[in-house]
Structures are given as structure tokens and as C-alpha cells.
Amino acid sequence: MSQITHREPQKEFVTATAITTLIALAGLYLPVLGFLVSVFVPLPLLFYRAKLGRSQGALLLIAVTLIVASMMGQRSITATAFFFELGLVGLILSEVFAMNLSVEKTVAVTTAVVIATGGLLLVLYGLLSTNSLWGLMSDYLQRNLELALAIYKEMEVSEEKIAILAESMEGILYIMLRIMPAIVIVSTLFVVWSNLLLARPLLRGRDLFCPDFGTLNEWKAPEPLVWLVIVSGVLVLMPNQGLKLLGINGLIIMMMIYFFQGIAIVSFYFDKKQFPRLLRGVLYGLIALQQLVLLLVIAAGFLDMWVDFRRMKNKGVENQDESHT
């Protein structure tokens, strides 16, 4: 990986620490928008790991984690662990970039390493705690649901809707605990994919190495994945509760993968029709906020294997014909 020589590496490190800490604290403290800001936590770690080197990148993660832990008070354990895992995405993604793998392998390897590390930390914490892992996850989700309810009250949502949500808390908690594997994998995939997209222009603009993944708005999920969708769908229909939950988790994960393909289709036509950036931002926001539109994007990604919305198969045939002439 190409590196840049700096006259003031200590100043660079202090700047990196300040930027990363500000993003982390904004993600942890801002109501509603905090989750969206948290998605960007890995980006400065990825950038400064590429700019300053592996050891400085690791030291940066440790330094900012300690700063966040010292400022979080009673929330320090869960908040610090949450930030550490987000920061780890940046470091691991930068390491995998250096391996110059395909985009699919880059996302898969980074996601697997981050989830494995998080799982190990959770097991170690469970061994040191008097509470069970199931109890720890249940308490964490309960607190977050209560926080979400409090935010809705501050947003002056109608009392009727708040009452319905409060009555549904137990059912929501029951469901979320059982689809937690899918939630963790989907969230990690989304963070990894988002930072991969954001890192490309940032690294190239500073003459730092970034793999050439090609035109990502032409990306397609590997065709064999459709069998995982079919198998997951069959498992959902099974009477066995364990198999049914396995199928539900599988479908949720596959929906995220085909969402990536659907967004690639949307981006492809945005470029083809030369949509202005402001209009693109509005439409992307619509996709994020409207569940029906989101499902349509996922469906487009899944059906693309047969419909070929971007006419990629015809393009492949044309390229083969040109190579033979």
C-alpha cells in the first residue's frame, strides 16, 4: 500500500484523534440522527490507517476508545464496545483493501472478522458478568426500546401511537431477540458497504491506495445466492420453530444483499439519465424513509437476475463480439 511521508506525524495523529472522537461522540449523543452519524465512524480510522500506517491506526482506535469510555459514564461498557466495533470496521477494511480482493470478498471478509471479534468480546463479557448472554442482550434491547419511546414522546407523537408502541414493547423485544443474528449481520454489512463506497474517492483524492472494484453501479450479487433465498423461504414454512427462525434470519440477510444490488440499479439509471445531485439525494432519502419504496428496490435487485434491468447481459455479449473482431 502506498504511504505518504509527513513532516509532523504527531500533529496528524492528534488531528485524527480529534476528528474520530467528535464523530463518535456525535453518533452516541445525537438523538435520532445518532445512528446515521455512527455509520461514518469507521471512515476516519480507515483513512488515517492508510495515511499513517498500521501501528498508528491501531493506536488511534485504542486512544479514541479510551476517550469515549472516559466520557460515557454509566453507559461506558455498551457505548465503548459499540464504538470499538465500528472503529474496527475501518481498520479491518483498510487491511483487506491492501489484499486487493474482489468487492464481494472485501465485504465478506471484513464483515466476518468484525462479527467474530464482536462475538468473542461478548462471550468474554458474559463470562465476567453475573448475567447470561441472553440476559445481557435482552437488557440492552430493553433500554434502547425505552430510549426510542422517550424520543417519540419528545417528538410530540400522538399519545395513541405512543400507547400502542408501549403495549407492543414486549412483543417487539421477543421478535428482536430471535432475529438478532440477522440484525447484527445486516447492520455490519451496511456499515462496511457504506464506508467502502465513501472511502474510494477519499483515498484516491489523497493518492492513497484503494482497490479498483470497477463500476459499482453495475454490480450484481453472485447468482448462486438465489438458492439461499429459496432455502430460507422453505425453512420459513417449516413447522419447527428453530428452522422457521433460521429461515427468517436468512431472508433478512439476503434482503440486504439484494438491496445493494437494487441500489446499484438505481444509481446506474441516475448516472444514465444524468440526474442532478440534489434530486439524487432527495430520491435516496425517499428510499431510506419509505418502506414500500425500499421493498421495491430490494425486489428490483432480486429480479435483476432474470429481468436484467441494466441490460448487462447484452453488454457482455457485445464485448465478446468486439473481442473476436
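Across the range 238-292, what is the total count of residues that are polar (S, T, N, Q) and assigned to a helix (DSSP H, G or I)? Steps first, please.
From the range 238-292, those polar (S, T, N, Q) are 240-241, 249, 261, 267, 274, 290-291; that's our starting set.
From the residues that got through so far, the ones that are assigned to a helix (DSSP H, G or I) too are 241, 249, 261, 267, 291.
Number of matching residues: 5.
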* Structure fact -> Taking first residues from the range 267-290 that are within 22 Å of LEU33 (Cα to Cα) and β-branched (Val, Ile, Thr) and second residues anywhere that are modelled with pLDDT of 90 or more and outside any loop (DSSP other than H, G, I, E, B), the pairs with Cβ under 6 Å that are 6 or more apart or on different chains are ILE287/VAL293; ILE287/LEU294; ILE287/VAL297
* Structure fact -> Residue pairs qualifying under the 8 Å Cβ cut-off, at least six apart or on distinct chains, with the first in the range 98-125 being touching a residue at least 12 places away in the same chain (Cβ under 8 Å) and more than 24 Å from TYR258 (Cβ to Cβ) and the second being of a type in the set (Val, Ile, Thr) and surrounded by 15 or more Cβ atoms within 10 Å (Cβ to Cβ), are GLY118/VAL184
* To do: Report yes if ALA199 is touching a helix residue (DSSP H, G or I) at 6+ places or on another chain (Cβ under 8 Å), surrounded by 12 or more Cβ atoms within 10 Å (Cβ to Cβ) and either among the aromatic types (Phe, Trp, Tyr) or in a helix (DSSP H, G or I) (or both), otherwise no.
  => yes
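Quick one: is VAL229 under 15 Å from LEU245 (Cα atoms), in a helix (DSSP H, G or I) and not charged (D, E, K, R)?
Values: under 15 Å from LEU245 (Cα atoms): yes; in a helix (DSSP H, G or I): yes; not charged (D, E, K, R): yes.
Spelling it out, VAL229 is indeed under 15 Å from LEU245 (Cα atoms), in a helix (DSSP H, G or I) and not charged (D, E, K, R).
Could you list, in sequence order, the residues of the range 153-196 that are β-branched (Val, Ile, Thr), in contact (Cβ under 8 Å) with a residue 60 or more places away in the chain and assigned to a helix (DSSP H, G or I)?
As a first pass, look at the range 153-196 and keep what is β-branched (Val, Ile, Thr): 157, 162, 164, 172, 175, 179, 183-186, 188, 191-192.
Subset that is in contact (Cβ under 8 Å) with a residue 60 or more places away in the chain: 179, 183-186, 188, 191-192.
Answer for the range 153-196, where residues must be β-branched (Val, Ile, Thr), in contact (Cβ under 8 Å) with a residue 60 or more places away in the chain and assigned to a helix (DSSP H, G or I): ILE183, VAL184, ILE185, VAL186, THR188, VAL191, VAL192.
The values are calculated or read from the model by the stated rules, or taken from the named source; none is laboratory data. Only a predicted model underlies this, so the values are computations on that prediction, with no experimental measurement involved. Don't worry about glycine lacking a Cβ; one is built from the backbone with ideal geometry, like all the others, and counts go over all protein chains shown.
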